[in-house]
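Novice: After the structure tokens below, expect a handful of questions from me.
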Amino acid sequence: MTNPIEFAVPAAPIYTLTVHGRSQRFPVNRVFCVGRNYAAHAREMGKDPDRDPPFFFMKPASAIVDAAAPISVSYPSMTSNYQYEVELVVAIDKGGFEIPVAQALEHVFGYAVGLDMTRRDLQLAARDAGRPWEFGKSFSDSAPIGALHTVADGGHVDAAAIELTVNGTVQQSSNVAKLIWSTAECIAHLSRYEALRPGDLIMTGTPEGVGPVLAGDMMRGRIDGLTEVFVTVDQQAKGGAQ
Ligand code: MN
């Protein structure tokens with residue numbers, strides 16, 4: 001028995017997600033997010049969809065919220081344009097560097113529905129000024145993610161309807177088969193820059209139809225074969241999200 005580590009300040013928690021049908025939880029390491037990975041969404045953001053290599057931004061693990069059951073999130077601070085992006089989330093269980101496309105799916109633990117919540121006004125201001133997107137993308141509770149469905153139980157998700165409704169009205173409706181860069185290609189590309197590690201997540205990008213939500217709105221995100229997410233927007237928390 002070794003001595004426990006003593007910390008100078010309280011240690012951050014390990015952020016975890018529910019695994020469908022299992023008691024074990026999935027500990028989240030890093031969250032990589034793919035930008036503009038559906039052609040129609042690239043166009044609505046004012047960009048030409050081409051097949052330039054995929055690009056990534058990141059969220060901290062503390063941005064995730066377990067949405068295996070219905071949850072609410074607070075309207076974030078410093079924005080008046082808080083937007084949803086429904087996405088297929090890929091969870092990595094086996095690390096690797098320079099993973100070939102043909103072997104990439106062997107590194108996938110499972111899949112979930114996630115929301116890449118975005119302070120769009122801050123993101124676009126940063127983008128247009130050539131600055132980092134962090135304040136637009138990487139805030140607390142900006143990644144509600146539903147239960148992970150393991151490959152062992154449900155296989156891979158490569159052609160499934162993806163949809164987001166707000167207060168019952170469909171706002172986003174596409175198919176993950178329309179990803180410009182497939183899950184395997186994203187894994188292979190990302191792993192050339194950074195060795196992937198167990199616990200990493202990849203949010204694979206959102207289809208067209210993104211838009212704003214306000215306090216009181218209820219979002220429902222779904223992908224065929226995966227557990228749906230239900231996320232209600234609360235009033236802005238006093239003192240910001242904790
Ligand atoms: Mn996104």
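Novice: Using the basic label-point model (7 angstrom from Cα toward the beta carbon), what is the A195 to N167 distance in nanometres?
Specialist: With each label placed 7 Å out from Cα toward Cβ, I get 5.1 nm.
Novice: Determine, from the Cβ-Cβ distance of E106 and S72 and an R0 of 30 Å, the FRET efficiency 1/(1 + (r/R0)^6), rounded to the nearest 0.05.
Specialist: E(calc), rounded to 0.05, equals 0.20.
Novice: Which of these, P27, P207, P76, has the largest mean-square fluctuation under a Gaussian network model of the chain (Cα springs below 10 Å)?
Specialist: Answer for the Gaussian network model of the chain: P27.
Novice: Once you keep just the Cα pairs under 8 angstrom separated by 6 or more residues, what percentage relative contact order results for the stretch 159-242?
Specialist: Relative contact order comes out at 33 percent.
Novice: Work out how much length Q236 to D50 would gain on full extension: take 0.36 nm times their residue separation and subtract the Cα-Cα distance, in nm to one decimal.
Specialist: 63.2 nm
Novice: Can you give me the long-range amide H partners of L17? Hydrogens built in the peptide plane at 1.01 Å from N, cutoff under 5 Å, separation of 5 or more residues or another chain.
Specialist: Here F26, V28 satisfy the definition.
Novice: Springs between alpha-carbon pairs under 10 angstrom, Gaussian network model over the chain: which of E185, E44, E208 fluctuates most?
Specialist: Greatest mean-square fluctuation among the candidates belongs to E44.
Novice: Suppose only helical runs count, i.e. DSSP H with n ≥ 4. What mean residue ellipticity at 222 nm does that imply for the chain under -39500 (n - 2.57) per run, divided by all residues and rounded to the nearest 500 deg cm²/dmol?
Specialist: For the chain, the value works out to -3500 deg cm²/dmol.
Novice: Set the Förster radius R0 to 35 Å, insert the Cβ-Cβ distance between D121 and T2 as r into 1/(1 + (r/R0)^6), and round the FRET efficiency to 0.05.
Specialist: In this case the efficiency is close to 0.10.
Novice: Loop by DSSP (not H, G, I, E, B), at most 15 other beta-carbon atoms within 10 Å: where is the longest site-free stretch of the chain for chymotrypsin sites (Phe, Trp or Tyr not before Pro)?
Specialist: My reading of the result: 98-242 is the longest stretch.
Novice: In percent, what relative contact order does the chain have, based on Cα pairs under 8 Å that are 6 or more apart in sequence?
Specialist: Answer for the chain is 31 percent.
Novice: Now, a different point. Among the listed pairs K137/K238; K94/K178; K94/K137, which are separated by more than 24 Å between their Cα atoms?
Specialist: Pairs exceeding 24 Å: K94/K178; K94/K137.
Novice: A further question on this structure: Counting only trypsin sites (Lys or Arg not before Pro) that are in a DSSP loop and have at most 15 other C-beta atoms within 10 Å, tell me the longest site-free stretch of the chain.
Specialist: No qualifying site falls inside 95-237, the longest such stretch.
Novice: Okay, moving on. With r as the distance between the Cβ atoms of N175 and N81 and R0 = 41 Å, compute the FRET efficiency 1/(1 + (r/R0)^6) and round to 0.05.
Specialist: After rounding to 0.05, the efficiency reads 0.90.
Novice: Exactly which GluC sites (Glu not before Pro) in the stretch 54-98 are in a DSSP loop and have at most 11 other Cβ atoms within 10 Å?
Specialist: When the GluC sites (Glu not before Pro) of the stretch 54-98 are filtered for loop state and at most 11 Cβ neighbours within 10 Å, E98 remain.
Novice: Can you run phi through the Karplus equation (6.51, -1.76, 1.60; θ = phi - 60°) for the stretch 196-213 and list ³J(HN,Hα) in whole Hz, with x for Gly and Pro?
Specialist: My calculation for the stretch 196-213 gives 6, 10, x, x, 5, 10, 10, 8, 8, x, 10, x, 5, x, 5, x, x, 10 Hz in order.
Only the coordinates and a few stated rules stand behind these numbers; no lab work does. The shown structure was predicted, so the numbers you read here are calculated from the model rather than taken from an experiment. When we count neighbours, we look across all protein chains shown, and the Cβ atoms used for this are built from the backbone with ideal geometry, even at glycine.
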